[in-house]
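Everything below concerns the one structure shown next.
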Amino acid sequence: MSPRLGLDLPTIIQKAAELADENGLESVTLASLAQKLGIRSPSLYNHVVGLSGLKEKLALYGLKNLHNKLLRAAAGRSGDDAVFAIGRAYITFAREHPGLYEATLPAQHSEDAELLKVSEELIQLIIQVMHHAYEMKQEDTIHLVRGFRSLMHGFASLERSGGFGLPVNLDESIQVVLQAYLSGIREQFRS
């Protein structure tokens, strides 16, 4: 069967991302996506290998978008300024694209070469920013990148689930948390 005229993989993935952001990742099914596209579900099989294939493509799309957002945020910055910028960009991405962000999370467990490559590029970007900011051993940088990612993901996840009910500005909270984190880095690794 030939693909429907005007229907292509980028359009399918964009609509799947919209569906995920509007209603959560669990709402993305072949049936719901087909309905959003105004087609029948079997037409999607011309472009993706079932729901798992769709979610892999969605994860790839999400990781590329997150990587590009962090890359733009870090451009022309260094030190604490670069770390703050990628931290804010990470949180902003998770806020603006909650379903798409959720789709990126299982990417580390994929066997898809392109997905693993983009995931690695994202991690390497954060490693590079941290390493240049604080000039430490590679192993220490990896520890700190894990901490940074944990802070950002934890904050984004708690915010999305409504876990921050106290009347304090969330943007100020992330600023304070990052400042404390970076102060700890400078204290730990000062020359």
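Rule-based calculations on the coordinates, nothing more; no lab input. As the structure is a computational prediction, the values presented were derived from the model and not from experiment. Ideal geometry is used to build each Cβ from the backbone, glycine not excepted, and the neighbour counts take in all protein chains shown.
In terms of its alpha-carbon gyration tensor, the chain comes out prolate; a/c meets the 1.5 threshold, and the first ratio a/b outweighs b/c. Each of Glu26, Glu120, Glu102, Glu159 has some number of other Cβ atoms within 10 Å of its Cβ, and from fewest to most they run Glu26, Glu120, Glu159, Glu102.
So which trypsin sites (Lys or Arg not before Pro) in segment 91-191 end up in coil per DSSP with only 13 or fewer other C-beta atoms within 10 Å?
On the way: sites: Arg95, Lys117, Lys137, Arg146, Arg149, Arg160, Arg186, Arg190; in loops: Lys137, Arg190.
Within segment 91-191, the qualifying trypsin sites (Lys or Arg not before Pro) (loop, at most 13 other Cβ atoms within 10 Å) are Lys137, Arg190.
Name the residue from Gln188, Gly62, Leu105 whose Cα lies farthest towards the positive end of the charge dipole of segment 55-189, charges +1 on Cβ of Lys and Arg and -1 on Cβ of Asp and Glu. It is Gly62, whose Cα lies furthest towards the positive end.
Which order do Met136, Met130 fall in if you start with the one that has the fewest other Cβ atoms within 10 Å? Kindly include the intermediate steps, with their values, before the conclusion.
Working: Met136 15, Met130 24.
Sorted ascending by nearby Cβ count, the order is Met136, Met130.
Taking 0.36 nm per residue of separation and subtracting the Cα-Cα distance, full extension of the segment from Arg186 to Glu111 would add 23.3 nm.
To the nearest 500 deg cm²/dmol, what mean residue ellipticity at 222 nm is calculated for the chain from DSSP H runs of n ≥ 4 alone, each contributing -39,500 (n - 2.57), summed and divided by the residues?
Working: 8 runs with 138 residues, N = 191.
Calculated mean residue ellipticity at 222 nm is -24500 deg cm²/dmol.
Kindly point out which whole DSSP H helices in the chain project their C-alpha atoms 27 angstrom or further along the helix axis while averaging a Kyte-Doolittle hydropathy of 0.0 or above. For the chain, where a helix must reach 27 Å along its axis and average at least 0.0, the hits are 113-134, 170-189. Simple point charges give the picture: +1 on the Cβ of Lys and Arg, -1 on the Cβ of Asp and Glu, and for segment 55-189 a dipole about the Cα centre of about 220 debye. Under the criterion of Cα pairs below 8 Å and six or more residues apart, the relative contact order for segment 55-189 equals 30 percent. Counting lysine pairs in the chain that sit 8 or more residues apart in sequence, or on different chains, and whose Cα atoms lie under 23 Å apart gives 14.
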